[in-house]
Amino acid sequence: MEHPYLTVLGVYRPIISTETWQEQWQVTGDDDQTKEHFDKLVLIEAIVEGLDEQFDMSKFGQMQPDHPDDPRYMQVGYDEALLSADGETMIHREMNCVRGTGQLRFAVYLHLYHPDRPLQWQAGAVSCPPIQDAPLRLMMLLPYNACT
């Protein structure tokens, strides 16, 4: 039996459209709070392989510095999408869509990202590459949806 393995392909700073900024501003009602909402937002692209169970998105994220040992405060990924093997096509975008056999490529949003902290997942922890600007292909496939 193969051990599960996660490879983070990229951690990206998403492109936030003016319309999305305004939608979020309607929630916060404040420029600074809206900016803060997006400041530590990332889009993570990864490949998981060797799973013999469903990928558990509730265990995919980061422990927060002020509660490093308390999973109740873990910031978890959300609004996930299962991608094609080459990352050029979105297969599904819904909760619990990262499932299947073989290599599974996916992308997921994460708030309050700390680049100096490891990313947790159901089989352990993994380091991430430096944050880069999001590739246009991912922004076309997975535009950020403001939380209303």
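Odds and ends about this structure:
- Between 0 and 90°, nearest 10: helix 18-28 axis offset from the chain longest Cα axis: 80
- Solvent-accessible heavy-atom area per residue, rounded to whole Å², over the chain at 1.4 Å: 56
- Gyration tensor (alpha-carbon) shape descriptor, the chain, a/c threshold 1.5: oblate
- Sulfur and carbon atoms: percent of accessible area, the range 1-141 [1.4 Å]: 50
- Sum of -39500 (n - 2.57) over DSSP H runs of 4+, divided by residues of the chain (222 nm, nearest 500): -5000 deg cm²/dmol
- Cα-derived Rg over Rh, computed across the range 49-130 with Rh taken as Kirkwood radius: 0.97
- When only Cα pairs below 8 angstrom with a gap of at least 6 residues are kept, the chain shows a relative contact order of 34 percent.
- Under 5 Å, built H, 5+ apart or other chain: amide partners of H92: L82
- Split the chain at each of the GluC sites (Glu not before Pro) in a DSSP loop with at most 16 other beta carbon atoms within 10 Å, and the longest piece is 95-148.
The values are calculated or read from the model by the stated rules, or taken from the named source; none is laboratory data. Predicted, not measured: the structure shown is a model, and the values here were computed from it. A quick note on method: Cβ atoms are made from the backbone with ideal geometry, for glycine too, and the neighbour counts reach across all protein chains shown. SASA here: full protein model, heavy atoms, side chains in, ligands and nucleic acids out. Shrake-Rupley method; radii C 1.70, N 1.55, O 1.52, S 1.80 Å.
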